[in-house]
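The values are calculated or read from the model by the stated rules, or taken from the named source; none is laboratory data. The structure displayed is predicted, hence computed values, not measured ones. Glycine gets a Cβ as well: all are built from the backbone with ideal geometry, and neighbour counts include every protein chain shown. For accessibility, only protein heavy atoms count, side chains too; no ligands or nucleic acids. Shrake-Rupley method; radii C 1.70, N 1.55, O 1.52, S 1.80 Å.
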Amino acid sequence: MSLSRPKDQAMIAGVCAGLARRFDMKPTTVRILFLLSCLLPGPQFVAYIVLWVLIPKS
């Protein structure tokens with residue numbers, strides 16, 4: 001399955017939903033993992049914005 005941002009499951013931009021669809025996971029799981037990763041130091045928000053720009057809409 002190709003990587004794209006679904007409109008029907010998007011909360012903000014659909015990045016987590018697109019990644020969940022690509023890796024056959026639930027969108028809620030990916031969203032929780034992303035939020036937990038924000039507790040660690042690193043460029044998580046920058047990565048989210050970059051993915052928002054790079055992943056096409058479905």
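Computed from backbone phi with θ = phi - 60° and the Karplus coefficients 6.51, -1.76 and 1.60, the 3J(HN,Hα) list for segment 39-44 is 6, 8, x, x, x, 4 Hz; x is used for glycine and proline. Counting 0.36 nm for each residue step from S58 to Q44 and taking away their Cα separation leaves a gain of 2.7 nm. The residues of the chain expose on average 74 square angstrom of accessible surface per residue, using a 1.4 Å probe on protein heavy atoms. List every residue whose amide H lies under 5 Å from the amide H of R5, counting only residues 5 or more places away in sequence or on a different chain, with H placed 1.01 Å from N in the peptide plane. For R5, the qualifying residues are K57, S58.
Estimated from helical segments only, the mean residue ellipticity of the chain at 222 nm is -15000 deg cm²/dmol, where each DSSP H run of four or more residues counts as -39500 (n - 2.57).
With the cut-off at under 17 Å, measuring from each backbone N in segment 15-58 to a point 7 Å along the Cα-to-Cβ line of K7 picks out 15, 17-18, 55-58.
Near R31: Cβ cut-off under 14 Å, other residues only, Lys/Arg at +1 and Asp/Glu at -1. The net charge is +3. Residues V53, V46, ordered by accessible area of protein heavy atoms at a 1.4 angstrom probe radius and largest first, appear as V53, V46. For the chain, the Kirkwood hydrodynamic radius from C-alpha pairs, put into Stokes-Einstein at 4 °C and a viscosity of 1.567 mPa s, yields a diffusion coefficient of 113 µm² per second. Seen from Q9, the other residues with C-beta closer than 11 Å to its C-beta sum to a net charge of +4, counting Lys and Arg as +1 and Asp and Glu as -1.
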